[in-house]
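Down below is the structure, laid out as structure tokens.
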Amino acid sequence: MGSRWTVDRVLRLAPDGASARAARSLARPGTWSALGSTESLVWGKCQGSAREPYQVTVDLHEPAFRCTCPSRKFPCKHGLALLLLWAANDGTVADLDEASPFAADWAHERAERAARKAGRSESAPDPEAAAKRQAERESLMSAGLDEFERWLFDLVRQGLAGVRAQPSRFWETAAARLVDAQVPGLAERVRAMGGAVHARPDWAAHLLTQLGRWYLAVRAWRRRASLSPAELGDLRALLGWPRRSEEILAGERVRDRWWVLGLRQDEDERLLSQRTWLYGEHTGQTVVLLDFAAAGGSLRVPHVLGSVLDGELALYPGAEPRRALLAGEQTVTAGEGLPVADSVPAALDRAATWLAGNPWLDRIPLALRAVTVVPSDGERTVLVDREGHALPVAEGTDVWPLLALSGGHPVDLFGEWIDEHVHPCSVVSDGRLVSV
């Protein structure tokens, strides 16, 4: 076996002082089970707030970390604590010839991804092993969603009035159990609700709506064998069961002239994400590209607002508007204006159709024709079309760029419809799309 690391080397990997302190407090054998190590891997299970212990694995070569806890820090306190136990070299983490199955599976998946990235495959995929892994994951997800359904029933039975009095751990615990069941997408929505019930004036209506959508997801999972590919694709996206890019690129493709209608970026302490909305000139399809980068980094695929990409996109399974990947070479030219725009009623009809096809949509693209920005003192800013139909602009939106670019005149505008409010992304000014 290779030499074990020092404590100082382990702690240098901590993202902050709080993580280092938390890792030291967790580095106690009593909270761990199934510990072991090989020349390349260290693994163990740590009992946390969830019913099932967190599965923690470290690849010593990079190092790389994997933990089933809901923490967004990297590495998390559990990964650091595992390395501290291993570094102590007191027999708590034994040297073994073979890794535990959960650690070995993760290492195998990493090796396969590295081989594909390098343009080679070390060994042919084992269909039987892949089917076994999928069956095990589905079984784990089913058990977790059954437990989540009981949690939903208890919450509704006790009434929503007392939800605001619940501490943050009420939501964190429910989310952590979903993470343990490998349902991270739904877990993220549950975790976010812990803040929404305190921040939103319409928290009760919002919570009731989301509870209905979550329950629908549980019921849909049980009927997954009878769902269409599009319905199953949307369900998997909600639950957080990702698809490999190689699988998408080998599937359905569409060639068109794709107009870049709008860009929207979100950033937290760890991740920068960007949604790029595209419109197909000939197919009439609206799709979204998702790009991710570490916080403070740069996005892998830059897109220029108002440009036109001529080429193929690979489409994810799902209802419209679908997620897509760039496929092959793209020819980029400049476009003028907004190629598609609707009146307010037509835009809402389209949004309703999309929402009927995918009830878990949390943001819907809207392209509006000739709307006037109407601010008012003490009231929310609205967008009004020529027939007098109005849509509210999201609270907190800086409307001054909109007013400056429009000069009080009607403009074509593209935005995202979220929680029945418009989040503007771009407007047409002097014949070209401008970000707002």
Quick check on segment 415-431. Is at least one of its residues acidic (Asp, Glu), open to solvent by 60 Å² or more (accessible area, probe 1.4 Å) and closer than 30 Å to Ala220 by Cβ? yes
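Would you mind finding the one in Arg12, Arg28, Arg24 that is farther than 23 Å from Glu172 by Cα, surrounded by fewer than 18 Cβ atoms within 10 Å (Cβ to Cβ), more than 30 Å from the chain's Cα centre (by Cα) and not small (Gly, Ala, Ser)? Lay out the reasoning, then the answer.
Details: Arg12 fails: more than 30 Å from the chain's Cα centre (by Cα); Arg24 fails: farther than 23 Å from Glu172 by Cα.
Only one candidate qualifies: Arg28.
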Right, Arg380: basic (Lys, Arg), under 24 Å from Ser273 (Cα atoms), surrounded by fewer than 19 Cβ atoms within 10 Å (Cβ to Cβ) and modelled with pLDDT under 95 or not? no
Being at pLDDT 80 or above, within 24 Å of Trp43 (Cα to Cα) and surrounded by 13 or more Cβ atoms within 10 Å (Cβ to Cβ) is the filter here, so list the residues in segment 112-142 that pass it. Glu136, Arg137, Glu138, Leu140, Met141
Taking segment 216-241 only, how many residues are open to solvent by 40 Å² or more (accessible area, probe 1.4 Å), part of a helix (DSSP H, G or I) and either in contact with a strand residue (DSSP E or B) (Cβ under 9 Å, 6 or more places away or on another chain) or farther than 30 Å from Gly328 by Cβ (or both)? 7
Residue satisfying condition, being open to solvent by 60 Å² or more (accessible area, probe 1.4 Å) and not hydrophobic (A, V, I, L, M, F, W, C), within set Arg275, Arg213, Arg200, Arg244: Arg244
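Which one of Asp95, Asp90 is out of contact with any Ser or Thr (no Cβ under 7 Å at 6 or more places or on another chain), more than 26 Å from Ala187 (Cβ to Cβ), open to solvent by 30 Å² or more (accessible area, probe 1.4 Å) and modelled with pLDDT under 85? Give the steps one after another, and end with the answer.
Values: Asp95 fails: out of contact with any Ser or Thr (no Cβ under 7 Å at 6 or more places or on another chain).
It is Asp90.
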When restricted to Arg72, Arg66, the only residue outside any loop (DSSP other than H, G, I, E, B), of a type outside the set (A, V, I, L, M, F, W, C) and open to solvent by 30 Å² or more (accessible area, probe 1.4 Å) is Arg66
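The values are calculated or read from the model by the stated rules, or taken from the named source; none is laboratory data. All values reported here derive from a predicted model rather than from experimental measurement. Glycine gets a Cβ as well: all are built from the backbone with ideal geometry, and neighbour counts include every protein chain shown. Ligands, DNA and RNA are excluded from the accessible area calculation, which covers all protein heavy atoms including side chains. Shrake-Rupley method; radii C 1.70, N 1.55, O 1.52, S 1.80 Å.
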